[in-house]
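Data block below; observations after.
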Amino acid sequence: MQIDFAVIGGSFAGLSAALQLARARRQVLVVDAGQRRNRAVDVAGLTSHGFLTQDGRAPAAIAAEAKAQLMRYPGVQWLDGSAQDAHVATDGRFAFRVGDLTVSAGRLILATGVRDELPPVPGLAERWGRSVFHCPYCHGYELGGGEIGVIAATPMAQHQALMLPDWGRTTLFLNGLCTPNDEERAELARRGTHVDTTPVLRIEGEADVVLADGRVLRMAGLFTQPRTSMASPVAAQLGCAMVDGPMGPFIQVGATRETSVANVFACGDAARATGNVALAVGDGVMAGFGAHRSAMF
């Protein structure tokens with residue numbers, strides 16, 4: 001199969017990038033493995049927030065409507081599956097495989113997303129997207145100003161613990177994974193964040209923190225710092241330069257979302273240190289613009 005533009009990843013960033021190319025009357029293929037990063041929110045029956053006109057809608061509903069709108073454009077093709085064995089072909093185009101099908105594309109947009117690895121606290125992963133989160137702007141308001149716990153996994157825990165008092169009374173559980181110095185403790189105290197040094201044994205109930213000294217602290221919600229990794233091997237297979245971010249590596253991009261590999265662009269969570277739905281959509285717009293303009297000029 002030969003195509004002008006291939007977008008690998010059909011979540012919010014990839015849908016947005018493909019839409020720009022479709023509206024430029026270009027032929028575009030979207031390859032989607034069906035693994036949206038925020039799919040746990042749908043499973044938990046919660047909704048997405050902070051995205052204009054879509055605040056309070058289920059992520060799956062937003063994505064489904066976006067796909068339906070995209071597929072109205074005649075130049076768009078959709079392929080379910082994972083892209084594998086990506087490389088630069090002898091003709092200078094890009095080749096990759098989806099199942100038994102080999103795709104040849106003139107330009108690639110990588111919207112492949114990331115995987116989240118949570119700290120090994122029993123009960124934490126089961127509540128991911130339901131009562132355990134990583135983004136205060138996405139989920140903090142819905143906790144109603146109640147008790148919020150931060151389960152430390154990386155030094156970023158202190159950053160979260162300084163932010164979250166705007167959303168509720170906050171306790172930072174160090175859990176042996178970070179040690180604030182005197183200056184940092186003073187700053188946490190200034191923000192009203194309580195610091196608890198007792199190890200966390202497990203999470204129970206909705207968001208109850210069971211501590212090693214027998215205390216059980218009931219929280220409205222918990223935040224932690226997952227370690228992220230690329231959800232697809234394609235960027236590495238193509239040799240795209242990476243940046244080591246505070247949560248994990250992400251693809252290095254320029255202003256128009258171009259990578260270190262000519263005619264390869266990247267957008268969404270795979271190409272930024274942190275993200276949300278609105279940022280992914282904006283990234284997709286820039287990647288679509290960048291890929292289209294690279295074909296013109």
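The values are calculated or read from the model by the stated rules, or taken from the named source; none is laboratory data. In this text, all values refer to a predicted model and were calculated from it rather than measured experimentally. Backbone-built Cβ (ideal geometry, glycine too); neighbour counts: all protein chains shown.
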* Does V103 meet the test of being β-branched (V, I, T) and not in a strand (DSSP E or B)? -> no
* Starting from the stretch 127-138, take each residue that is under 13 Å from G275 (Cα atoms) and in a helix (DSSP H, G or I) and list its partners that are modelled with pLDDT of 95 or more and of a type in the set (A, V, I, L, M), counting only C-beta distances under 6 angstrom and pairs at least six apart or across chains. => P136/M163; P136/L164
* Structure fact -> Reported set for the stretch 101-129 where residues are of a type in the set (K, R) and in contact with a helix residue (DSSP H, G or I) (Cβ under 7 Å, 6 or more places away or on another chain) is R107
* To do: Go through the stretch 237-252 and give me each residue that's hydrophobic (A, V, I, L, M, F, W, C) and in contact (Cβ under 8 Å) with a residue 60 or more places away in the chain.
  => L238, C240, M247, F250, I251
* Structure fact -> Considering the stretch 178-194, residues that are of a type in the set (A, V, I, L, M, F, W, C) and touching a Pro at 6+ places or on another chain (Cβ under 7 Å), and then whichever is surrounded by the fewest Cβ atoms within 10 Å (Cβ to Cβ), we arrive at C178
* Considering each of A255, A273 in turn, give the residue that is within 19 Å of the chain's Cα centre (by Cα) and touching a residue at least 24 places away in the same chain (Cβ under 8 Å). => A273
* Any residue in the stretch 99-112 that is farther than 18 Å from F5 by Cβ, in contact (Cβ under 8 Å) with a residue 24 or more places away in the chain and buried (at least 21 other Cβ atoms within 10 Å of the Cβ)? -> no
* Starting from residues that are in a loop (DSSP other than H, G, I, E, B) and β-branched (V, I, T), keep the ones in the stretch 236-256 and report whichever is farthest from D116 (Cα to Cα). => T256
* Contacts under 7 angstrom Cβ, first residue in the stretch 52-71 being farther than 17 Å from A13 by Cβ, partner among the acidic types (D, E), 6 or more apart -> A58/D42
* From the list L174, L201, L238, L222, which one is surrounded by fewer than 19 Cβ atoms within 10 Å (Cβ to Cβ) and either modelled with pLDDT of 95 or more or not assigned by TED's automatic domain parsing to the domain that holds G144 (or both)? -> L201
* Structure fact -> Condition set surrounded by fewer than 22 Cβ atoms within 10 Å (Cβ to Cβ) and in contact with a helix residue (DSSP H, G or I) (Cβ under 8 Å, 6 or more places away or on another chain), scope the stretch 255-271, selection farthest from P155 (Cα to Cα): answer is N263
* Members of the stretch 1-33 that are assigned to a strand (DSSP E or B) and of a type outside the set (G, A, S) -> Q2, I3, D4, F5, V7, I8, V28, L29, V30, V31, D32
* Structure fact -> Taking the stretch 276-296 and keeping residues of a type in the set (D, E, K, R) and in contact (Cβ under 8 Å) with a residue 60 or more places away in the chain leaves D283
* Structure fact -> Of the residues in the stretch 139-172, those that are of a type in the set (A, V, I, L, M, F, W, C), in contact with an Asp or Glu (Cβ under 9 Å, 6 or more places away or on another chain) and assigned to a helix (DSSP H, G or I) come to L162
